[in-house]
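Participant: The structure under discussion is supplied below as structure tokens; questions concerning it will follow.
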């Protein structure tokens with residue numbers, strides 16, 4: 001391993017979560033040193049995700065020894081140390097998927113996000129709310145240089161999650177895609193769906209988000225109680241649910257066309273009234289989707305490098321990470337919030 005004693009600082013700024021429900025605190029901590037098969041990355045930017053808020057609030061069962069924890073899984077940075085096939089200076093991503101076992105059936109069949117031994121960044125391993133972070137070389141994905149770090153950060157989770165959810169479906173141009181929840185993930189889904197030739201409708205409680213959805217190309221944007229309008233539009237062949245509430249299930253079931261495909265993405269633990277006869281009579285497919293694989297991330301980044309994704313990105317200084325999490329908790333976000341480590345990012 002390369003001697004880094006004279007080339008890197010000894011300490012770095014990091015936002016630490018000391019316990020479930022604890023506010024983040026800024027601290028000076030040792031810069032991690034890469035081991036065999038690892039890179040050390042200097043962070044340029046990191047998006048703030050609802051999953052970060054979920055963990056910080058203590059809504060994810062975690063043992064006490066997991067803390068203190070560094071959150072953040074939409075990181076972008078450049079390799080500054082470590083050994084692997086990518087050259088130092090290469091810009092790479094630090095997504096949710098930290099590593100998997102790489103030998104179970106899900107890993108070997110292209111479904112590594114369902115590996116039961118996977119580790120998640122910001123949950124099982126330190127995340128990217130810091131000046132430096134470790135990346136396993138086998139899980140390093142190069143970021144196209146044409147993508148700005150602040151714009152690219154949310155692609156690693158929000159954008160990838162929307163992309164992967166649609167990848168779960170049999171997609172044919174001309175089908176009708178219903179997006180439930182028009183926040184950041186929903187906004188990415190609109191652009192992806194339109195690019196794949198789908199007709200897009202959006203459901204959201206927020207009139208401002210409905211207006212933005214129409215501006216971004218949706219042909220219909222309605223409130224959750226406007227079931228008749230969705231049926232008149234033509235119903236849903238594919239539904240992506242990004243709304244974190246079981247209350248939307250009755251709407252989803254009511255507007256599903258025969259042979260509909262429904263993908264659950266939002267983190268909802270409560271049950272919904274799923275009727276077996278509704279499944280049988282309609283031939284519907286209901287499935288879950290979790291972030292995305294390395295292959296899907298490469299494909300999506302290639303797509304993002306060639307398409308304008310009309311998602312509003314608001315940059316915050318790294319020191320305002322707690323402000324960003326609080327704004328996320330209150331819904332005071334139009335698109336995605338991104339922490340930038342340097343003023344010119």
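Participant: Among the residues of the stretch 226-270, write down those that are out of contact with any helix residue (DSSP H, G or I) (no Cβ under 8 Å at 6 or more places or on another chain) and assigned to a helix (DSSP H, G or I).
Facilitator: Selection gives 228, 229, 232, 233, 246, 247, 248, 249, 250, 252.
Participant: Only one of these is surrounded by fewer than 22 Cβ atoms within 10 Å (Cβ to Cβ), more than 21 Å from the chain's Cα centre (by Cα), at pLDDT below 95 and under 25 Å from residue 143 (Cα atoms): 84, 89. Name it. It would help to see each step written out before you state the result.
Facilitator: Values: 89 fails: at pLDDT below 95.
Among 84, 89, only 84 is surrounded by fewer than 22 Cβ atoms within 10 Å (Cβ to Cβ), more than 21 Å from the chain's Cα centre (by Cα), at pLDDT below 95 and under 25 Å from residue 143 (Cα atoms).
Participant: Residues 154, 85, 144: which one is under 25 Å from residue 190 (Cβ atoms) and not in a helix (DSSP H, G or I)?
Facilitator: Numbers: 154 fails: not in a helix (DSSP H, G or I); 85 fails: under 25 Å from residue 190 (Cβ atoms).
Residue meeting the stated conditions: 144.
Yes/no matrix, rows are residues, columns are (1) farther than 24 Å from residue 169 by Cβ; (2) at pLDDT below 95:
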| residue | (1), (2) |
| --- | --- |
| 266 | no, yes |
| 271 | no, yes |
| 279 | no, no |
| 290 | no, yes |
| 293 | no, no |
| 298 | no, no |
| 311 | no, yes |
| 338 | yes, no |
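Participant: Output the residue which, of all residues in the stretch 185-205 that are under 21 Å from the mean Cα position of the chain (by Cα) and part of a loop (DSSP other than H, G, I, E, B), is surrounded by the most Cβ atoms within 10 Å (Cβ to Cβ).
Facilitator: Once the filter is applied, the top-ranked residue is 204.
Participant: If residue 175 passes every condition in (1) modelled with pLDDT of 95 or more; (2) in the same structural domain as residue 274 (by TED's automatic domain parsing); (3) within 27 Å of residue 339 (Cα to Cα); (4) buried (at least 19 other Cβ atoms within 10 Å of the Cβ) but one, which one does it miss?
Facilitator: In the conditions (1) modelled with pLDDT of 95 or more; (2) in the same structural domain as residue 274 (by TED's automatic domain parsing); (3) within 27 Å of residue 339 (Cα to Cα); (4) buried (at least 19 other Cβ atoms within 10 Å of the Cβ), residue 175 misses (3) alone.
Participant: Hey, another quick one. If residue 155 passes every condition in (1) surrounded by 21 or more Cβ atoms within 10 Å (Cβ to Cβ); (2) closer than 19 Å to residue 38 by Cβ; (3) in contact with a helix residue (DSSP H, G or I) (Cβ under 9 Å, 6 or more places away or on another chain) but one, which one does it miss?
Facilitator: Just one mismatch for residue 155, condition (2).
Participant: Residues to consider are 170, 105; find the one that is in the same structural domain as residue 230 (by TED's automatic domain parsing) and more than 18 Å from the chain's Cα centre (by Cα).
Facilitator: The conditions single out 170.
Participant: Within the stretch 222-239, identify whether any single residue is at pLDDT below 95 and either closer than 24 Å to residue 302 by Cα or not assigned by TED's automatic domain parsing to the domain that holds residue 304 (or both), and answer yes or no. Quick ask: steps written out before the conclusion?
Facilitator: The first filter runs over the stretch 222-239 and keeps only residues at pLDDT below 95, leaving none.
No, the stretch 222-239 contains no residue that is at pLDDT below 95 and either closer than 24 Å to residue 302 by Cα or not assigned by TED's automatic domain parsing to the domain that holds residue 304 (or both).
Participant: Could you please give the count of residues in the stretch 27-50 that are surrounded by fewer than 23 Cβ atoms within 10 Å (Cβ to Cβ), out of contact with any strand residue (DSSP E or B) (no Cβ under 6 Å at 6 or more places or on another chain) and within 16 Å of residue 122 (Cα to Cα)?
Facilitator: Going through the stretch 27-50 one residue at a time, the tally reaches 1.
Participant: Looking at the stretch 206-225, which of the residues that are touching a helix residue (DSSP H, G or I) at 6+ places or on another chain (Cβ under 9 Å) and assigned to a helix (DSSP H, G or I) is surrounded by the fewest Cβ atoms within 10 Å (Cβ to Cβ)?
Facilitator: Looking at the filtered set, the residue picked out is 209.
Participant: Sticking with this structure for a sec: With outside the structural domain of residue 230 (by TED's automatic domain parsing), out of contact with any strand residue (DSSP E or B) (no Cβ under 6 Å at 6 or more places or on another chain), surrounded by 16 or more Cβ atoms within 10 Å (Cβ to Cβ) and assigned to a helix (DSSP H, G or I) as the only criterion, which of 304, 329 stands out? Reasoning before the result, please.
Facilitator: Working: 329 fails: surrounded by 16 or more Cβ atoms within 10 Å (Cβ to Cβ).
Result of the check over 304, 329: 304.
Participant: Could you check the stretch 191-208 and list, in sequence order, the residues that are within 20 Å of residue 165 (Cβ to Cβ) and in contact (Cβ under 8 Å) with a residue 60 or more places away in the chain?
Facilitator: Hits for the stretch 191-208 are 191, 192, 195.
The values are calculated or read from the model by the stated rules, or taken from the named source; none is laboratory data. Please read these numbers as outputs of a predicted model, since none were measured by experiment. Cβ: placed from backbone, ideal geometry, glycine included. Neighbour counts: every protein chain shown.
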